[in-house]
Amino acid sequence: MNSKVFLVLRLLLGLFVLVFGLNKFFHFIPDFELGADAAAYFGALASSKTLTLVAIVEIVAGLALITNKFGALLALILMSVSVNAVLFHATLDPANSAGAIVLLVLNIAVLIGYKDHYKALLN
């Protein structure tokens, strides 16, 4: 992958997850309407402090990707957040799934950009 393209993708993903991670603490992005099932599930995640853990992972991953320190590791860890976001929106909130799909596509692209870092892991 071209290094300039990878840099742009890495920074986009880093900013994306950093903003959404910070939003879980500071609530500067307006909430959108959720169906009853999605709201119940989201409420359970919030009350169990799971969303706090997700926010911390997103903030750390965003900073790691922006600074390119441990970016390969955090991109791999962030994949679980990306897949879960897509599954949540695909099953419970399909109308608002665009952001989760963008997150997953960016995450996959960044993983491909870091593929040389994973060779030892896959041997």
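The values are calculated or read from the model by the stated rules, or taken from the named source; none is laboratory data. If you're wondering where the values come from, they're calculated on a predicted model, not measured in any experiment. Cβ: placed from backbone, ideal geometry, glycine included. Neighbour counts: every protein chain shown. Protein only, heavy atoms only, side chains kept; ligands, DNA and RNA dropped before computing areas. Shrake-Rupley method; radii C 1.70, N 1.55, O 1.52, S 1.80 Å.
Data table
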read-out	value
Lone qualifier among V105, V19 - being modelled with pLDDT of 95 or more and farther than 16 Å from F6 by Cα	V19
Tally of residues being in contact with a Gly (Cβ under 8 Å, 6 or more places away or on another chain) and in contact (Cβ under 8 Å) with a residue 60 or more places away in the chain across segment 83-99	0
Some residue of segment 59-72 being among the hydrophobic types (A, V, I, L, M, F, W, C), more than 15 Å from L11 (Cα to Cα) and part of a helix (DSSP H, G or I)	no
Close pairs from segment 25-52: first touching a residue at least 12 places away in the same chain (Cβ under 8 Å) and more than 13 Å from H89 (Cα to Cα), partner polar (S, T, N, Q) and open to solvent by less than 60 Å² (accessible area, probe 1.4 Å), Cβ under 9 Å, at least 6 apart	F25/T52
Number of the condition not met by F32 [criteria: (1) of a type in the set (A, V, I, L, M, F, W, C); (2) in contact with an Asp or Glu (Cβ under 9 Å, 6 or more places away or on another chain); (3) open to solvent by less than 70 Å² (accessible area, probe 1.4 Å); (4) over 21 Å from K115 (Cα atoms)]	(3)
